[in-house]
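Read through the structure below, which is laid out as structure tokens, and then see the notes.
Read-outs throughout are calculated quantities, based only on the coordinates presented, and are distinct from any laboratory measurement. Quick caveat: nothing in here was measured; it's all calculated off a predicted structure. Quick reminder, even Gly has a Cβ in these numbers, built from the backbone with ideal geometry, and neighbours come from all protein chains shown.
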Amino acid sequence: MKAKFALIAALAALPLGAATPPKPGEVAITVTNLRSSEGVVRACMTTNPDIFPRCRQDPASHRTVVPAGEKVELVFSGVKPGRYAVALLHDENGNGKADRALGMMPKEGFGFSRDAKVRMGPPSFDSAAFDYSGDARVLRIKMRYML
């Protein structure tokens, strides 16, 4: 019954016209507020607070790259229960890195699970972390831009 309720809740959270609903073991992410369809969206999900948000250093992390668009939907499959945080980058020029102005300020979009706030740097793992039980899960993340 609990799994059935979780699936119903996940389906209800999907935007109209969304891709296939996630299944147990999947985390679906809808990314909104992209300023352009240029480039790609790089997504990374990790359980390791020591390397977040640079989770590509975590061989156990879930990562994907999808084309940018008005709204982006992506799915991580084979996700085991645990405490995760997601980091997104709108890599508008497709160069594989987060471009910065004056060496510090991000020139491209970024986003984090739980829409964790950015202050004088990226949010902590705990600010972005969510508990995942293994049921189908849908997250919404707003892309943010500083420039």
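For this structure, a couple of remarks:
- Residue 112 sits among other residues whose Cβ lies under 11 Å from its own Cβ, and their net charge, with Lys and Arg +1 and Asp and Glu -1, is +3.
- The count of lysine pairs in the chain with alpha-carbon distances below 30 Å, taking only pairs 8 or more places apart or on different chains, stands at 25.
- Using equal-weight Cα scatterers in the Debye expression, the normalised intensity of the range 2-142 in log10 at q = 0.14 Å⁻¹ is -0.63.
- Sequence-distant residues sharing a close amide H with residue 109 (under 5 Å, placed H): 90, 92
- Under the combined filter of DSSP loop state and at most 15 neighbouring Cβ atoms within 10 Å, the range 79-147 retains these trypsin sites (Lys or Arg not before Pro): 97, 107, 117.
- 3J(HN,Hα) from dihedral phi, the range 110-121, Karplus parametrisation 6.51/-1.76/1.60, rounded to Hz, x for glycine, proline: 8, x, 9, 4, 6, 6, 3, 6, 9, 10, 8, x
- Summing +1 for each Lys or Arg and -1 for each Asp or Glu among the other residues whose beta-carbon sits under 15 angstrom from that of residue 121 gives +4.
- Compactness of the range 76-133, expressed as Rg and Dmax over alpha-carbon positions, Å: 13.4, 41
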